[in-house]
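Taking it in order: structure first as structure tokens, then the write-up.
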Amino acid sequence: MAPAFRWTVAALLFCATALSFFDRQVLSVLAPRILADLRIGNVEYSNAVSAFTLAYSAMFTLGGRLVDYWGTRAGLGAAVAFWTAASLLHTGVRGAWDLTAYRFLLGVGEGGCFPGAARGILEWFPARERALAMGIATTGGSAMGAVLAPPLIVWVSSLVGWRGAFLATGAIGVVWVAVWFLLYRKPDAPPEPSAAPLETPWPMKRLVARREVWGLLIARFLFDPVFYFYMFWIPQYLSRERGASLEEIGKLAWIPFLTLGISSLLGGALSDSLVRRGWSINRARKAVMAAAAFLTPVSILALVAPDSFWAVTLLAVLMFAHGFWMTNYMTMIGDLFPASSVGTVVGLTGTAGGVAGFLSSLAVGRIVEAVSFTPVMLACGVLYPAALAVLLIAIPRIERLANTAAAA
């Protein structure tokens, strides 16, 4: 296929990650209404959210491994088909237990999404374009899904109810799966002229022996709970702490994710631009991530904002920084590991973040009930600098790692 087809691939992957975030946001956006209709509280809601993150975290590694063995086309296609079916099951939820079960199944399917997207980018894009493409396909897509979700979900639910909103997202998933299997193919040649033939996936034992892998895992364990909090709890924060109505939530909750989408593209473009100007990959990726990490504490000022709009605006600063951070974090994995093992490494990091998200989701519901959102938002403002310190220690230099037993 023509080299230009790689941007079609990026667009398909963008749509997949956008759909994944759109599907998972249906519950969080409509949480005030769904919880009232089903007569369940924040603790039960926390359990349902935690069920998703538990399955998601486990399947991130397994899904990534399956994508590496099955290939991008079959692996990612199967993942989207599975979570689409799980989303459709939500139309029949009757109480806390089946809501929790369906969220678990949604997490099982979505676990393969980002490993598949990252592998697709590595298969098709050379290093000089990789960060921008990764930003489009991963962070940019997820941000767009989160941006579109609040206003569209509120609008659809006003027409057909909250159950109809789950039905609508499931229908979109069916269309994507059909288009994916119709269009996606592996490239005829490696994206880099000097690239070696695609290796078999590295053994798991060799991967987990690398300190670079452990640095990536620990860092993601630290910063991923912040993103889970923004994804699942901001509507509840606006409703409980700021007295916002469902309509106001629909007008405001997308703003942080719009800034995330913009910064995802900017973060990738900036990093690639620095590389083209002669900066080393190591210097370019780390410089962008450091700037992002030290911007995140600004979000703490949301606690003293005068109204909901300014609170959301200050929270959006953290999401803006996250776009720069996450795009380069994901690209760094591709810089370190061959395409044949990227799905597995992305999966491992996703599992680390998912475990942290699972534990933090359980804690947030209880902290909010016992105290308020204040302790949670204070923690969100300091975790990215801590993750940066871990990465700088564990990965002194970003460069391709040798696939040898001695290197491990």
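Numerical summary
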read-out	value
Residue with peak Gaussian network fluctuation, the chain [Cα springs, cutoff 10 Å], from GLY112, GLY173, GLY350	GLY173
Value of Rg to Rh for segment 1-97 (Rh from inverse mean 1/r over Cα pairs, i.e. Kirkwood)	1.07
In sequence order, calculated HN-Hα J values of segment 227-237 (Karplus, 6.51, -1.76, 1.60; Hz; x Gly/Pro)	5, 4, 4, 4, 6, 9, 10, 4, x, 5, 4
About the Cα centre, charge dipole magnitude for segment 107-207 (Lys/Arg +1, Asp/Glu -1 at Cβ), debye	180
Karplus-derived 3J(HN,Hα), 6.51/-1.76/1.60, for each residue of segment 357-374, Hz, glycine and proline x	x, 4, 5, 5, 5, 4, 6, 4, x, 6, 5, 5, 5, 7, 10, 5, 7, 4
HN-Hα J in Hz across segment 336-349 - Karplus 6.51, -1.76, 1.60, θ = phi - 60°, x for Gly and Pro	8, 10, x, 4, 5, 10, 5, x, 5, 5, 4, x, 4, 5
Furthest towards positive pole of dipole, GLY365, TRP279, GLY250, structure part segment 242-365, Cβ charges	TRP279
Charge dipole magnitude, Cβ of K and R +1, D and E -1 - the chain, Cα centre, debye nearest 20	640
P(r) tail fraction, segment 104-261 - alpha-carbon pairs more than 28 Å apart, %	38
Part-to-part distance (alpha-carbon centres) for segment 45-87 and segment 238-275, which is given in Å	24
Relative contact order %, the chain, counting alpha carbon pairs below 8 Å whose residues are six or more apart	28
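All of the numbers you see were taken from the coordinates with simple rules; none came from a lab. No experiment lies behind these values; they were computed from the predicted model shown. Because the Cβ atoms are built from the backbone with ideal geometry, glycine has one as well, and the counts that use them run over all protein chains shown.
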